[in-house]
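First the structure, in the form of structure tokens, and then the observations on it.
The values are calculated or read from the model by the stated rules, or taken from the named source; none is laboratory data. Since the model is a prediction, treat every value here as computed from it, not as a measurement. Here Cβ is always computed from backbone atoms with ideal geometry, including for glycine, and neighbour counts include all displayed protein chains.
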Amino acid sequence: MISSQLRYEYRFTPDWSDYRIKTYLEIARPDILLQPYIGWELYYKNRNKAVMLNRIKLGIIRNVSKNVSMGAYYRIDFSNIDHSWEWTRLLSRP
């Protein structure tokens with residue numbers, strides 16, 4: 001199964017306000033008991049006029065009921081810092 005989400009967000013802080021675009025693409029196997037998936041998120045910030053964050057998620061999930069699921073994943077973040085991509089975080093969630 002392939003799913004995609006595109007979201008426009010308007011953000012404001014005491015110093016500035018602007019929008020960003022977040023897109024998420026996920027590929028999963030919902031037909032087996034422990035469902036492996038891979039996801040990719042991309043953040044475009046209008047304030048910077050550039051893609052500022054890429055995230056990659058690898059995990060497994062199990063549907064408990066129609067609206068509840070549980071699983072674990074690893075997430076790797078790459079940030080655009082001074083016009084170069086830097087690995088900024090590795091996060092795992094049980």
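Just give me the residues in region 1-31 being outside any strand (DSSP E or B), of a type in the set (A, V, I, L, M, F, W, C) and surrounded by 10 or more Cβ atoms within 10 Å (Cβ to Cβ), in sequence order.
Matches in region 1-31: 1 only.
Among the residues of region 32-41 satisfying the criterion of being crowded, with 16+ Cβ neighbours inside 10 Å and under 16 Å from the mean Cα position of the chain (by Cα), which is nearest to residue 87 (Cα to Cα)?
The selected residue is 41.
Determine the pairs where a residue that is free of Cβ contacts under 8 Å to residues at least 12 places away in the same chain, located within region 53-64, has a partner that is crowded, with 17+ Cβ neighbours inside 10 Å and in a strand (DSSP E or B) with Cβ atoms under 8 Å apart, the partner being 6 or more residues away or on another chain.
That search, which allows pairs on different chains as well, returns nothing.
Every residue, every condition in (1) aliphatic (A, V, I, L, M); (2) exposed (fewer than 12 other Cβ atoms within 10 Å of the Cβ), yes or no:
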{"residue": "51", "(1), (2)": "yes, no"}
{"residue": "54", "(1), (2)": "no, no"}
{"residue": "57", "(1), (2)": "no, no"}
{"residue": "60", "(1), (2)": "yes, no"}
{"residue": "63", "(1), (2)": "no, no"}
{"residue": "72", "(1), (2)": "yes, no"}
{"residue": "75", "(1), (2)": "no, no"}
{"residue": "78", "(1), (2)": "no, no"}
{"residue": "83", "(1), (2)": "no, yes"}
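Is there any pair with a first residue in region 10-34 that is free of Cβ contacts under 8 Å to residues at least 60 places away in the same chain and a second that is among the small types (Gly, Ala, Ser) and outside any loop (DSSP other than H, G, I, E, B) whose Cβ atoms are under 7 Å apart and which are 6 or more apart or on different chains, and what are they?
Hits for this filter: 11/17; 24/4; 24/39; 25/4; 25/39; 26/3; 26/39.
Tell me which residues, restricted to region 19-68, are small (Gly, Ala, Ser) and under 19 Å from residue 4 (Cβ atoms).
Selection gives 28, 39, 59.
Hey, residue 37 hits all of (1) modelled with pLDDT of 90 or more; (2) outside any strand (DSSP E or B) but one; which does it fall short on?
With respect to (1) modelled with pLDDT of 90 or more; (2) outside any strand (DSSP E or B), residue 37 is out only on (2).
Of all residues in region 62-79, which are part of a strand (DSSP E or B) and over 18 Å from residue 41 (Cα atoms)?
62, 63, 69, 70, 71
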